[in-house]
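Peer 1: Just dropping this structure here.
The values are calculated or read from the model by the stated rules, or taken from the named source; none is laboratory data. Computed from a predicted model, the values in this text were never measured in an experiment. As a convention, Cβ positions derive from the backbone with ideal geometry for all residues, glycine included, and neighbour counts pool all protein chains shown.
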Amino acid sequence: MQLPKSEGFPAEGAEEETGAHEGPSGSSSPLKQSKEAVNPSSPFAQSARAIHDLRAALRHDFRAILQSSPLWMRKGIGTIEKRQQTSGTRTPNEKFRRLSAAFASLSSKAMRAGMTGIKKARPLKLRSWKGLVALLPLLGLLIVASVLTWALKDVPWQEIADGSMKPVIVLETADGEPLVRQGPYQGPYAGYEQFPPHLVDAVLSIEDRRFMDHHGIDLKGIARALIRNFQAGSVVQGGSTITQQLIKLQYLESDRTLKRKIQELVIAFWLEWKLGKQEILTRYLNSVYLGSGATGMPAAARIYFNKDIGALDIPESAMLAGLLKAPSQLNPIDNFEGARQRTATVLDAMAANGKLTPQEADAAKNEFAELHPTTPTPRSGSWFADWISPQASEIAGSSPGSTTVRTTLVPRLQEIAERVVRHALDEEGKARGASQAAMVAMTPDGAVVAMVGGHDYKTSQFNRAVTAMRQPGSTFKLFVYYAALKKGLSLSDQVLDGPIELNGWSPQNFGGGYRGWVTLAEAFARSLNAATAALAQEVGLDSVAAAAKELGINAALTTAPALSLGASEVSLLDLTGAYASVRLGKSPVEPWGIIEFQASGQPRGFRVGAQVPAAIDLSPYQPDLLALLQLVVERGTGRDADPGMFAAGKTGTSQDNRDAWFVGFTDALVAGVWVGNDDDAPMKGVTGGALPARIWREFMQAAMAEPAPQIDPDTGMMTSEENAAPSCNITACSRSYRSFRASDCTYQPYYGARRLCEK
């Protein structure tokens with residue numbers, strides 16, 4: 001018979017360089033002949049010849065495949081077939097994809113050849129079975145290769161080789177300290193040289209002491225684990241190496257299937273060959289979960305000890321290594337005794353492994369007894385972190401690795417804000433029917449330095465300072481009087497405070513009664529509703545809405561008569577930003593929270609700052625607006641807010657005391673306070689001049705006890721800093737260029753290399 005001519009299959013009669021097949025005459029077939037000569041033209045002879053040619057073809061194709069196969073596969077198969085090489089064989093370029101195609105082609109050809117032989121052959125005699133037995137090793141290899149192809153076809157080899165790291169956003173406070181969020185937290189990726197040697201020793205001693213000796217799979221470790229598990233009658237020890245654990249963490253699903261086990265086995269060998277020990281260990285230490293929301297050793301060092309990874313000592317390193325077994329159960333903050341016992345086990349393992357002397361291990365155990373792992377103070381700014389994280393993620397984009405983002409949060413002011421809000425609600429909240437409060441503090445240019453979104457972040461992560469939309473009450477009157485000043489009215493002009501009906505709506509003053517003709521200054525200071533509604537009708541509701549937009553209110557505003565008294569809902573963040581416009585003398589002030597950022601691998605960082613410039617000059621109206629707001633604190637409804645220094649602001653109370661506000665500023669800080677209930681239930685007589693005003697006063701008194709932070713809006717840096725980074729206006733650049741990439745502030749022009757965006 002004659003096999004189809006194709007690459008890797010010689011036609012009948014073609015010689016191989018080995019001389020194993022010499023043609024029809026004088027043939028020395030590997031199939032041993034019986035004593036009786038076999039007729040070459042008989043069906044049996046043709047079948048034997050077909051089997052012989054098939055073996056030669058299979059051998060030829062496997063030789064070509066082996067040339068492009070991994071070293072471990074070539075060694076394994078080479079022990080079975082060590083024959084001569086065939087010249088002119090093409091070597092596939094892509095290992096696993098071409099290997100899969102070759103095996104599929106090979107199986108098809110083998111089946112065709114086998115079927116041809118079966119059709120021509122008579123019932124097999126004993127001597128033909130000897131040839132089939134000779135084929136069994138090769139057929140076994142074919143089965144193994146087919147299984148490997150099936151299992152490995154969807155493995156992301158290139159991603160694993162490149163070590164593509166997920167984008168990690170590392171937030172910092174204004175002074176450069178880590179801002180650790182509640183919940184999941186991952187610190188910056190650390191290089192191998194950044195991990196202290198005793199941490200590496202601790203991890204290897206307790207998790208994989210033969211890590212430096214095996215090639216991804218520790219057969220001795222597996223055997224030892226099987227024996228101990230059998231003796232214990234349950235699973236008490238695992239046999240997975242660190243390489244296998246890394247594969248489970250980053251590259252494979254957690255399901256226990258044959259396919260995944262095969263993938264884990266092959267990838268383990270491949271990773272060892274491709275990456276080496278240091279890179280495998282570095283990836284593992286950066287990606288393992290260690291409890292309390294910490295992913296990676298750098299994050300755990302910050303969460304438990306508020307330290308950089310390189311500053312860990314021996315007891316601390318042993319504790320983190322011990323967490324690898326059961327991070328949630330051995331969390332030292334919740335289960336210190338369990339963590340202590342596990343740390344002692346790790347220290348004993350280090351001593352047994354020769355990494356510590358028994359005396360050093362005992363000393364480390366005594367030191368650990370004095371440790372008190374706690375969460376770092378900056379972690380309290382979680383409402384702020386929740387607000388700023390989407391903006392930080394937009395900056396980082398899909399760039400792999402770490403992007404460090406320095407924010408405007410000042411830990412000292414954040415701690416003060418949380419303390420005064422919590423204290424006020426704990427002391428007066430229940431009696432007054434107030435369950436929640438929120439607070440925002442910023443510099444006059446809009447840099448948010450503190451943010452409190454509720455009573456307790458652990459109980460409720462809803463950010464009432466940013467997301468909640470509530471009626472601002474009389475704090476909205478600022479925009480009515482600003483519109484009046486723009487129409488040419490003065491503070492000494494008079495307006496009638498008396499009964500008024502507007503489309504069936506009749507506003508009344510708090511406490512009842514009317515004062516007749518009053519100046520605009522008195523109407524504002526006393527927060528007279530009827531006078532303000534009449535003034536709004538005079539200047540026009542459209543003008544009032546436009547004035548609010550001009551100062552920075554972004555919410556949708558209705559032009560119904562009740563707009564003048566705060567019937568349209570706004571957020572505390574927007575309202576505080578509008579008051580910051582008055583203090584700054586320019587508008588609109590858009591609250592912002594990112595000073596600068598730097599992506600890993602980039603030679604420099606970029607400052608961000610305010611993305612929307614305050615372009616409208618308020619200087620013609622600022623003195624009168626300041627006088628109105630200052631009068632409220634000195635002689636009006638906001639007297640309880642007086643901190644004993646320059647202060648200006650406005651109280652606000654919505655209908656039925658559902659919302660109570662105070663928004664105002666000192667020389668250096670602008671702050672807004674809201675008090676109310678999530679279910680919009682009325683409070684018991686709480687007004688803006690009471691509980692919110694007192695919260696505002698206590699915050700300002702504590703905050704101004706030390707010099708307030710000064711952040712330059714032009715450089716985006718603290719005034720004490722030098723060498724400002726170049727600016728990157730992400731908003732303007734992303735709008736101008738589709739190809740804009742925030743991580744390095746560049747865009748791709750039609751020709752040439754990427755360019756820095758200088759918008």
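Peer 1: Among the residues that make up region 603-622, is at least one of them part of a helix (DSSP H, G or I) and crowded, with 20+ Cβ neighbours inside 10 Å?
Peer 2: Looking for residues that are part of a helix (DSSP H, G or I) and crowded, with 20+ Cβ neighbours inside 10 Å, one finds none in region 603-622, hence no.
Peer 1: Here is a further query. Since SER380 meets every condition but one in (1) closer than 22 Å to ALA599 by Cβ; (2) modelled with pLDDT under 85, which condition does it not meet?
Peer 2: (1)
Peer 1: Is region 639-652 home to any residue that is assigned to a helix (DSSP H, G or I) and without any contact (Cβ under 8 Å) to a residue 40 or more places away in the chain?
Peer 2: No.
Rundown of residues vs (1) buried (at least 23 other Cβ atoms within 10 Å of the Cβ); (2) in contact (Cβ under 8 Å) with a residue 12 or more places away in the chain; (3) in contact with a Phe, Trp or Tyr (Cβ under 9 Å, 6 or more places away or on another chain), yes/no style:
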{"site": "ALA450", "(1), (2), (3)": "yes, yes, yes"}
{"site": "GLY453", "(1), (2), (3)": "yes, yes, yes"}
{"site": "SER474", "(1), (2), (3)": "yes, yes, yes"}
{"site": "ALA484", "(1), (2), (3)": "yes, yes, no"}
{"site": "PRO499", "(1), (2), (3)": "no, yes, yes"}
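Peer 1: While we're looking at this one, here's another question. If you go through region 575-602, how many residues are of a type in the set (Asp, Glu) and either buried (at least 24 other Cβ atoms within 10 Å of the Cβ) or within 23 Å of the chain's Cα centre (by Cα) (or both)?
Peer 2: The number of residues fulfilling the criteria is 1.
Peer 1: Say whether the condition of being at positive phi and either among the polar types (S, T, N, Q) or not in a strand (DSSP E or B) (or both) is met by at least one residue in region 662-670.
Peer 2: For region 662-670, residues at positive phi and either among the polar types (S, T, N, Q) or not in a strand (DSSP E or B) (or both): absent.
Peer 1: In addition: For LEU502, work out the one condition from (1) at pLDDT below 95; (2) within 30 Å of PHE384 (Cβ to Cβ) it doesn't fulfil.
Peer 2: (2)
Peer 1: For region 509-547, give me each residue that is loosely packed, with under 13 Cβ neighbours inside 10 Å and within 51 Å of the chain's Cα centre (by Cα).
Peer 2: Answer for region 509-547, where residues must be loosely packed, with under 13 Cβ neighbours inside 10 Å and within 51 Å of the chain's Cα centre (by Cα): just ASP542.
Peer 1: Being touching a residue at least 24 places away in the same chain (Cβ under 8 Å) and of a type outside the set (A, V, I, L, M) is the filter; apply it to region 550-574 and report the residue that is surrounded by the fewest Cβ atoms within 10 Å (Cβ to Cβ).
Peer 2: Applying the filter and picking the extreme gives GLU569.
Peer 1: Find all pairs meeting these conditions: Cβ atoms under 8 angstrom apart; at least six residues apart or on different chains; first residue within region 730-742 and at positive phi and among the aliphatic types (A, V, I, L, M); second residue part of a helix (DSSP H, G or I) and surrounded by fewer than 18 Cβ atoms within 10 Å (Cβ to Cβ).
Peer 2: Every condition considered, no pair remains.
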